[in-house]
Amino acid sequence: QVQLVESGGGLVQPGESLRLSCAASRSIFRLLKLGWYRQAPGEQRDLVASITIFGGTIYADSVKGRFTISRDSEENTVYLQMNSLKPEDTAVYYCNTDPATVGYWGQGTQVTVSS
């Protein structure tokens with residue numbers, strides 16, 4: 001049973017933008033804090049940003065001022081707007097609850113920032 005589905009990744013140049021989407025099941029979206037995580041090759045999976053059901057947000061220091069997490073209650077979707085992308089943002093991005101639920105990890109979406 002699919003609970004969270006990520007999309008929107010791609011290949012961009014440094015300084016460009018991308019918006020990631022996470023379509024969530026209704027029950028998850030309305031009851032739980034949701035977050036975006038990322039994992040670069042050889043690195044651990046880290047929380048990038050999260051948003052509560054009331055819209056409160058937190059961000060990793062590395063993305064503050066560049067990334068914005070938001071939620072659309074009509075679409076049960078969480079977004080991650082990524083601006084001023086850097087090569088070090090290259091990773092597979094995942095959506096999950098915060099804290100993460102093991103059974104909710106999906107395939108993720110690849111973001112590659114390269115000139």
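The values are calculated or read from the model by the stated rules, or taken from the named source; none is laboratory data. All values derive from a computational prediction rather than experimental measurement. When we count neighbours, we look across all protein chains shown, and the Cβ atoms used for this are built from the backbone with ideal geometry, even at glycine. Each accessible area value is taken on the protein alone, full model and side chains, heavy atoms only, with ligands, DNA and RNA left out. Shrake-Rupley method; radii C 1.70, N 1.55, O 1.52, S 1.80 Å.
Taking θ as phi - 60°, what are the ³J(HN,Hα) couplings along region 90-100 by the Karplus curve (6.51, -1.76, 1.60), each to the nearest whole Hz, with x for Gly and Pro?
Coupling constants for region 90-100: 4, 4, 8, 9, 10, 10, 6, 6, 10, x, 5 Hz.
Can you give me the long-range amide H partners of Gly106? Hydrogens built in the peptide plane at 1.01 Å from N, cutoff under 5 Å, separation of 5 or more residues or another chain.
Hits under the 5 Å cutoff: Cys95.
In region 4-115, what percent of the accessible surface is made up of carbon and sulfur (1.4 Å probe, ligands and nucleic acids excluded)?
Numbers: 2810 of 5820 Å².
Carbon plus sulfur share of accessible area: 48 percent.
First measure r as the distance between the Cβ atoms of Val102 and Ala40, then evaluate 1/(1 + (r/R0)^6) with R0 = 22 Å and state the FRET efficiency to the nearest 0.05. Intermediate values should be presented prior to the final figure.
Details: r = 21 Å, r/R0 = 0.93.
So the FRET efficiency works out to roughly 0.60.
Ignoring ligands, DNA and RNA, what accessible area per residue does the chain give at 1.4 Å, in Å²? All intermediate terms of the calculation are to be shown ahead of the outcome.
Numbers: 6170 Å² over 115 residues.
Accessible area per residue: 54 Å².
What's the extension gain from Val5 to Asn76 if we count 0.36 nm per residue and subtract their Cα-Cα distance? Intermediate values should be presented prior to the final figure.
Details: separation 71, 0.36 × 71 = 25.56 nm, distance 1.11 nm.
Separation in residues times 0.36 nm, less the Cα-Cα distance, equals 24.5 nm.
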